[in-house]
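Asks: One structure follows; several queries about it will come next.
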Amino acid sequence: MLEIGKVERYIHEKLEREKLHFVLLDPDDVTPEEAARIAEMSEEVGVDAIMIGGSTGAEGDVLDGVVRAIKESSSLPTILFPGSHGGISKYADSIFFMSLLNSTNPFFITGAQALGAFQVKRYGIEPIPMAYLIIEPGETVGWVGDAKPIPRHKPKIAAAYALAGQYLGMRLVYLEAGSGASQPVPPEMIALVKRVIDVPLIVGGGIRTAAQARAAVEAGADIIVTGTAIEKAGSLEKAREKLVELNRGIKG
Ligand SMILES: CC(C)=CCC/C(C)=C/CC/C(C)=C/CC/C(C)=C/COP(=O)(O)OP(=O)(O)O
Ligand SMILES: O=P(O)(O)OC[C@@H](O)CO
Ligand SMILES: [Mg+2]
């Protein structure tokens, strides 16, 4: 029988009480030691989960090393955020089993998923089906994922894809402006998508300040993902301050 796994249940239970903050760590950009410290601090300040992935190079031993370090230093759920079937580590709790619905390349819609499916089963990683949508500017992931990025001023297109994702059985929708985007997903787009779907809405890309995080939450985002603002804070002390600031913006 189909069962909802532990991490997905944790997400739903927490969402009944508050908005969630997930921190993304890219094994290409952080050492296992740095990842461990950031995960530890994240847990201390009230972050809800750690996502691990990257468009380029987050694979094999490098990926395993970072996931293991995070597991050893914190008890937060770990969620893989793969750029391809290479982005799977047996040490993670779960995986966003995502399809890039507005890609022009079938590899990112169903190909990588088919190539990764048996690994996920073999390792017993919890798959969480997710519709992944790239919004302008899209950055690295837009280019790597052969996306046709949704124009920022066309919220209806995003809403149509999001609803299609839900009707295809996906249990999360992720609006992605791209890591390091100069501007995050517009609040008007978040609001329309949220009005149309029933599954939780994740928003990420270019969220650097408490005010931006708050605006996304007020528009209707359920889960905010932050990566660059923390990775590029400059020092671990500054990363902690950023985590506190962003978390306050999200939790209110
Ligand atoms: C479910 C399985 C097995 C695979 C899914 C494969 C898909 C659909 C991938 C979507 C396209 C893609 C390249 C996603 C990567 C998402 C990601 C980890 C983004 C993180 O940001 P980076 O693009 O690494 O940012 P930087 O440029 O800052 O490093
Ligand atoms: O790195 P940032 O800009 O916070 O983006 C987070 C995430 O949405 C990227 O996939
Ligand atoms: Mg990266």
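Asks: Looking at the range 145-163, is at least one residue within 16 Å of ligand 3 (Cβ to nearest atom), in contact with a helix residue (DSSP H, G or I) (Cβ under 7 Å, 6 or more places away or on another chain) and not hydrophobic (A, V, I, L, M, F, W, C)?
Replies: Yes, the conditions are met somewhere in the range 145-163.
Asks: Ok, one more. Is it the case that GLU72 is surrounded by fewer than 16 Cβ atoms within 10 Å (Cβ to Cβ) and under 28 Å from VAL45 (Cα atoms)? Break it down into steps so the answer makes sense when it comes.
Replies: Working: surrounded by fewer than 16 Cβ atoms within 10 Å (Cβ to Cβ): yes; under 28 Å from VAL45 (Cα atoms): yes.
Taking the combined requirement at face value, the residue satisfies it.
Asks: In this structure, does PRO186 turn out to be surrounded by fewer than 19 Cβ atoms within 10 Å (Cβ to Cβ) and either at pLDDT below 95 or in contact with a strand residue (DSSP E or B) (Cβ under 9 Å, 6 or more places away or on another chain) (or both)? Break it down into steps so the answer makes sense when it comes.
Replies: Working: surrounded by fewer than 19 Cβ atoms within 10 Å (Cβ to Cβ): no; either at pLDDT below 95 or in contact with a strand residue (DSSP E or B) (Cβ under 9 Å, 6 or more places away or on another chain) (or both): yes.
The answer is no for PRO186.
Asks: On to the next question. Would you please name the residue that is least open to solvent (accessible area, probe 1.4 Å), looking only at residues in the range 224-238 that are away from ligand 3 (no atom under 16 Å from the Cβ) and over 30 Å from LEU163 (Cβ atoms)? Give the steps one after another, and end with the answer.
Replies: So the first thing to find is which residues in the range 224-238 are away from ligand 3 (no atom under 16 Å from the Cβ), and the list is 224, 234-238.
Among the residues that remain, those that are also over 30 Å from LEU163 (Cβ atoms) are: 234-238.
Working: GLY234: 76, SER235: 51, LEU236: 68, GLU237: 108, LYS238: 116 Å².
In this case the residue turns out to be SER235.
Asks: Going through GLY138, GLY53, GLY83, GLY87 one at a time, which residue ends up being open to solvent by 20 Å² or more (accessible area, probe 1.4 Å), within 16 Å of ligand 3 (Cβ to nearest atom) and among the small types (Gly, Ala, Ser)?
Replies: Working: GLY138 fails: open to solvent by 20 Å² or more (accessible area, probe 1.4 Å); GLY53 fails: open to solvent by 20 Å² or more (accessible area, probe 1.4 Å); GLY87 fails: open to solvent by 20 Å² or more (accessible area, probe 1.4 Å).
Residue meeting the stated conditions: GLY83.
Asks: Could you count how many residues in the range 90-115 are among the hydrophobic types (A, V, I, L, M, F, W, C) and open to solvent by 40 Å² or more (accessible area, probe 1.4 Å)?
Replies: Of all residues in the range 90-115, those among the hydrophobic types (A, V, I, L, M, F, W, C) come to 92, 95-98, 100-101, 107-109, 112, 114-115.
Narrowing further to those that are open to solvent by 40 Å² or more (accessible area, probe 1.4 Å): 97, 107, 109, 114-115.
Qualifying residue count, the range 90-115: 5.
Asks: Show the residue pairs meeting these rules: Cβ distance below 7 Å; 6+ apart or different chains; first residue within the range 124-142 and outside any loop (DSSP other than H, G, I, E, B); second residue at pLDDT below 95.
Replies: Short answer, once both residue conditions are applied: THR140/SER55; VAL141/SER55.
Asks: Within the group ALA216, ALA221, ALA210, which residue is among the small types (Gly, Ala, Ser) and open to solvent by 10 Å² or more (accessible area, probe 1.4 Å)? Can you show your working first?
Replies: Numbers: ALA216 fails: open to solvent by 10 Å² or more (accessible area, probe 1.4 Å); ALA221 fails: open to solvent by 10 Å² or more (accessible area, probe 1.4 Å).
Testing whether each residue is among the small types (Gly, Ala, Ser) and open to solvent by 10 Å² or more (accessible area, probe 1.4 Å) leaves just ALA210.
The values are calculated or read from the model by the stated rules, or taken from the named source; none is laboratory data. Being a predicted model, the structure only gives us computed values, none of them experimental. All Cβ positions, even for glycine, are placed from backbone atoms using ideal geometry, and neighbour counts span all protein chains on display. Only protein heavy atoms, including side chains, enter the accessible area calculation; ligands, DNA and RNA are left aside. Shrake-Rupley method; radii C 1.70, N 1.55, O 1.52, S 1.80 Å.
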